[in-house]
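Participant: Starting off with a structure, shown below.
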Ligand SMILES: [Zn+2]
């Protein structure tokens, strides 16, 4: 039984800071740059926090919520596979195909600590936690986080309108590059919405967009659904509502922002992914359902997209560093206003709020910290960008800490640290070279999505950020590795992976290899990889192998602006935890948090 006094009066505030790295944090604390975290450490406890295998946000936050490893909550990676047909899917949730009323389910299994608290009538307020789309019913309030799609059902697809002729890069863009024509100063085009069924055929919903050019004043008049607003060069628009007809009596409503990059000699207009309109989202992005609308009534429209800052636009040079940081600042500002707003009405129970700022900034700006990144930009003005955002997050922490009384426990934690991403390793290429993977057409190795693999000969394949799967008889549809061969192949693979070297330098590149049977204890073990490859920082599974693709070479330089990462050996990238009271911190892991929080409310977790 839980004592009523603990249940009703206790307050636990947790700030989840994605990607806050212990080495940087400790260095900045010692330099006096993070006074609020420093105060928290001095008053209570601080330690590095062991992360999950793999050290991925979706996996680690699922473990944070449930106290379970990946095989317990079933989220093994951003990218997972169905062994019955080798098709790929996202680990976050079953993405909606937004036409009519398609139901969506989160993939996460197991019970979160806020669900247990809710059953015990402890109020819970959970904001933007990964893996919370669609929003669950809790005793309190919830706003969905990472996993919430844009209106197209993607994790965030931008658009870019240009009068320039399209290039090869445009055709390979991760966004939608729309070629438009200037007709005497007027461009008539459209925003593209979700797929809909029209007369039995799949079609794209559209919303009319008219652009009236005023190059003399470096301005654009944007006309969207009959409303007009003016946009100057180098500026962002406010949020604009937009709706798409999805059927004779139905429509779906979104919000979008525009950035005018150039108007002469050519037009270049960046358009953010179309976020669900928080006033009428087509799927539950909050609990209660109307809560997302109540927030916008107080602070205005805000990003509802689960990964609100879209990074490919910077990677592809569609927007500059400066413009990208403006968007980071916008998101951070919105989140801070929501945090302030919600803390006003918080009286007791659990309060969790998540920030992805440091994760995004470190992914995109690590190149300015890394002297060994040969593609580092010498632009000195961004040299301290990462540190500046640590200081900003410290200010957020200070603001929350300022209002605390003694009955409140404050926890600040991260899911993993960070490191340099200098080289990509094509794991499927390696498996091919080592004789574990075979192609149907040897001449054509540039396949993706596990296509083109000859399953009748293939013993192992790579997928996700470091996962290696055996093509197991009885599990995979065309599986050939039987129980008798399994042990020998595993041993062979383990030894060869550990011996993998960089042909350019001769350096060993794998720190640890984690076989599933040694690290996973839960019921969903067959949904995940048989090995997780823990690369030494600097090396990471390539984007292609994450998607089940191949390449012509084993290792490639990472020339992308996405230059920091955490998908290395999890031992190398622990997170951090600060607690405002003294606790035992030896060997603390992210899977320990759920029981710690429950115990702060006097609840002993019963093991199933
Ligand atoms: Zn993360």
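Here, each number is a calculation from the coordinates, and none is a lab measurement. Bear in mind that the values here come from a model prediction, so they are computed numbers and not experimental data. Every residue, glycine as well, gets a Cβ built from its backbone with ideal geometry; the counts of neighbours run over all protein chains shown.
Participant: Go through 56-62, 471-477 and give me the packing order, highest mean Cβ count within 10 Å leading.
Facilitator: Top to bottom by mean Cβ count within 10 Å: 56-62, 471-477.
Participant: Where in segment 51-89 is the amide nitrogen less than 14 Å from a point lying 7 Å along the Cα-to-Cβ axis of residue 115?
Facilitator: 62-69, 72-75
Participant: Right, another one. Go ahead and run the numbers for FRET between residue 496 and residue 451, Cβ-Cβ distance against an R0 of 22 Å, rounding to 0.05.
Facilitator: On the way: r = 25 Å, r/R0 = 1.14.
Working from the Cβ atoms, E equals 0.30.
Participant: Pull up the DSSP beta bridges for the chain and report the antiparallel fraction as a percent, rounded to 5.
Facilitator: Expressed as a percentage, antiparallel bridges in the chain total about 70.
Participant: Write down the Kirkwood hydrodynamic radius of segment 159-275, to one decimal in angstroms, obtained as one divided by the mean of 1/r over all alpha carbon pairs.
Facilitator: Here the Kirkwood hydrodynamic radius works out to 14.9 Å.
Participant: Could you compute Rg(Cα) / (2.2 N^0.38 Å) for the chain, with N its residue count?
Facilitator: The value comes to 0.97.
Participant: Here is a follow-up. When the Cα centres of segment 502-521 and segment 169-230 are compared, how far apart do they sit, in Å?
Facilitator: Between the Cα centres of segment 502-521 and segment 169-230 lies a distance of 47 Å.
Participant: If you don't mind, there's one more thing I want to ask. 222 nm [θ] for the chain, helices only, -39500 (n - 2.57) per DSSP H run of 4+, per residue, to 500? It would help to have the intermediate numbers written out before the result.
Facilitator: On the way: 17 runs with 153 residues, N = 608.
Rounded to the nearest 500, it is -7000 deg cm²/dmol.
Participant: How high is the FRET efficiency from residue 181 to residue 383, r the C-beta distance, R0 51 Å, rounded to 0.05?
Facilitator: Numbers: r = 42 Å, r/R0 = 0.82.
It comes to 0.75.
Participant: Give me the extension gain from residue 203 to residue 475: residue separation times 0.36 nm, minus the current Cα-Cα distance, reported in nm with one decimal.
Facilitator: Answer, rounded to one decimal: 94.2 nm.
Participant: Take peptides 481-489, 40-48, 12-20 and line them up by average Cβ neighbours within 10 Å, highest first, as a rough protection proxy.
Facilitator: So the peptides 481-489, 40-48, 12-20, ranked by packing, come out 12-20, 40-48, 481-489.
Participant: I'm checking a number: the convex hull volume of the Cα atoms of segment 325-406, normalised per residue, in Å³. What is it?
Facilitator: 106
Participant: So what does the Cα-only Debye profile of segment 218-315 read at q = 0.11, 0.20, 0.21, 0.24 Å⁻¹, as log10 I(q)/I(0), no solvent term?
Facilitator: Here log10 of I(q) over I(0) equals -0.39, -1.08, -1.14, -1.29.
Participant: Among 235, 246, what is the fewest-to-most ranking by other Cβ atoms within 10 Å?
Facilitator: 235, 246
Participant: How big is the antiparallel share of DSSP beta bridges in segment 32-176, given as a percent to the nearest 5?
Facilitator: Taking every DSSP beta bridge within segment 32-176, about 45 percent pair in antiparallel fashion.
Participant: Right, another one. I want to check the label-to-label distance for residue 391 and residue 589. Put each point 7 Å from Cα in the C-beta direction and report it in nm to one decimal.
Facilitator: Output for this residue pair reads 3.8 nm.
Participant: For an R0 of 41 angstrom, estimate the FRET efficiency from the Cβ-Cβ distance between residue 526 and residue 243 and round to the nearest 0.05.
Facilitator: 0.45
Participant: Please give the contour-minus-distance gain from residue 343 to residue 89: 0.36 nm per residue of separation, less the Cα-Cα distance, rounded to one decimal in nm. Could the numbers behind the result be given before it?
Facilitator: Values: separation 254, 0.36 × 254 = 91.44 nm, distance 3.65 nm.
Computed gain between residue 343 and residue 89 is 87.8 nm.
Participant: State the percent of C-alpha pairs, over all pairs in segment 489-608, separated by a distance greater than 19 angstrom.
Facilitator: It works out to 64 percent of all Cα pairs.
Participant: Can you give the convex hull volume of the alpha carbon atoms of segment 422-569 per residue, in Å³?
Facilitator: So the per-residue hull volume is 112 Å³.
Participant: In which sequence would 105, 298 go, from the one with the fewest C-beta neighbours within 10 Å to the one with the most?
Facilitator: Ordered by Cβ neighbours within 10 Å, fewest first: 105, 298.
Participant: Oh, and also: Once you have the Cα-Cα distance between residue 322 and residue 30, take 0.36 nm times their residue separation minus that, and quote the gain in nm to one decimal.
Facilitator: Length gained, residue 322 through residue 30: 102.2 nm.
Participant: Of the listed peptides 263-272, 515-524, what is their order by residue-averaged count of other C-beta atoms within 10 Å, with the highest listed first? Kindly include the intermediate steps, with their values, before the conclusion.
Facilitator: Numbers: 263-272: 18.9, 515-524: 15.7.
Descending packing order for the listed peptides: 263-272, 515-524.
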